[in-house]
Amino acid sequence: MAPTDNPPQTVEWQGNQVPVWSMKTVDYSLLLSQDPVEVDKVTKACLEEGYFYLDLDNIDGRQMLQDRQTLLKLMHRFFESPIEAKNELGLIDSHLGYEPLGSRTGAFGAGTKDGYEMLKVSRDEIQQGSPRVPEVIKNSGDLTVLERAIGSCNTVTKVLLSALSSGMNLTGAERFENSHRNDRPSATTLSMMHYLPAEVTGNNKIGHQKHTDISSLTLLFSDEWGLQIRPPGECGALEMGFVAPKPGCAFVHVGDSLRFASGMKFQSCIHRVVPYDPAQHRYSIAYFLRAEDDTMFMDSEGRFVTAKDWHDQKFKAFTDPWQYQALAPKSMILGGMTEAGADDREPVKAYMPEAVKA
């Protein structure tokens, strides 16, 4: 991270003052017109930090914000339904279906599981007429809501890719968007996540483990605190710090595939989710823009892999028990990003409300 004269703000969490890391804010309307100053800003953000806020509160981005509000209503209705109804959807594929609470490793490593449930919808399935999308979704207005949300997210992330191509002076087939064409198979996914309060999960199902994303770009929306990042460079030797929700903005970060495609010039964002308020329900929407399945790149270990191979290998690592994750190279979970120092200043206390203790 580039040096700054302004120390980070802090918030109290787990009895400590934890940083709230600052970041650049990029204007979506200016990117649409390829404004050179804004193109330079977003490119530097990806080269230096690997993340930024994207301001959508303008005539070009407000439809995305409206689609997000409609999608949140769908999410509340789905996640509040009985577990039997949710399980009927099942996990059809790694990027389609319902993933229940505790399917992955939790935020604090060994012995913990994640504290969220997730509904995932594949962009390819929607584009192909939804052959494997469950009938309960296809036979309702929910399909239209999902189509609109995926369409909006896809447009926004493609604008970002185009700006980054221009910022890196790429031309022709080398431009990033030419490996993210709409008519080619990919694992691009809209994921809707519900983090449950501690009184429901207990103290062994907590948040989401530290990792980098498989994706090229992740477009993330959440009104509630809980997302933490570890900045690259010197700041990365300190600790994980919070991302403050910013009204009218999405949080965007670089994933492994775009880092690989940039020849390791872009930073892939190390992040995790923790219970900021253990009594709170937290909802987030993430659009994972991924490269075409047959896109070839060199990973951080010098292997030539396709985007599909990388997706499948890393998805397996995410769902492996922590004992197997500990044996895997860091280049898998952290995408080859280097770090130093502890994630937390003090050991994290167990989240065990009185109601659960009793």
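A short reminder: the numbers here are calculations on the coordinates, not readings from a lab. All of these numbers come straight from a predicted model, not from anything done at the bench. Glycine gets a Cβ as well: all are built from the backbone with ideal geometry, and neighbour counts include every protein chain shown.
For this structure, a couple of remarks:
- Test: residue in the stretch 147-155 that is under 22 Å from the mean Cα position of the chain (by Cα), surrounded by 20 or more Cβ atoms within 10 Å (Cβ to Cβ) and either farther than 23 Å from L72 by Cα or acidic (D, E) (or both): no
- Any chance R259 is under 17 Å from S191 (Cβ atoms) and either crowded, with 20+ Cβ neighbours inside 10 Å or of a type outside the set (K, R) (or both): no
- The selection criterion, being touching a Phe, Trp or Tyr at 6+ places or on another chain (Cβ under 9 Å), surrounded by 14 or more Cβ atoms within 10 Å (Cβ to Cβ), under 16 Å from P247 (Cα atoms) and touching a residue at least 60 places away in the same chain (Cβ under 8 Å), does not hold for M75.
- Taking each residue of the stretch 114-138 that is surrounded by fewer than 16 Cβ atoms within 10 Å (Cβ to Cβ) and looking for partners that are in a strand (DSSP E or B) with beta-carbon atoms closer than 6 Å, six or more apart or interchain, yields R132/I92.
- If you filter the stretch 25-49 down to residues that are assigned to a helix (DSSP H, G or I) and polar (S, T, N, Q), you find that the one that is nearest to A250 (Cα to Cα) is S29.
- For the stretch 175-269, the strands (runs of 3 or more DSSP E) that sit wholly inside it and include 2 or more residues that are in contact (Cβ under 8 Å) with a residue 40 or more places away in the chain and over 12 Å from Y51 (Cβ atoms) are 189-195, 208-211.
- Residue within the stretch 6-20 that is within 21 Å of F176 (Cβ to Cβ) and crowded, with 17+ Cβ neighbours inside 10 Å present: no
- Within the stretch 257-315, the set of residues being more than 30 Å from N203 (Cα to Cα), out of contact with any His (no Cβ under 8 Å at 6 or more places or on another chain) and of a type in the set (K, R) comprises R259, K265, R303, K308.
- Count of residues meeting criterion [part of a strand (DSSP E or B) and in contact with a Ser or Thr (Cβ under 9 Å, 6 or more places away or on another chain)] in the stretch 270-305: 14
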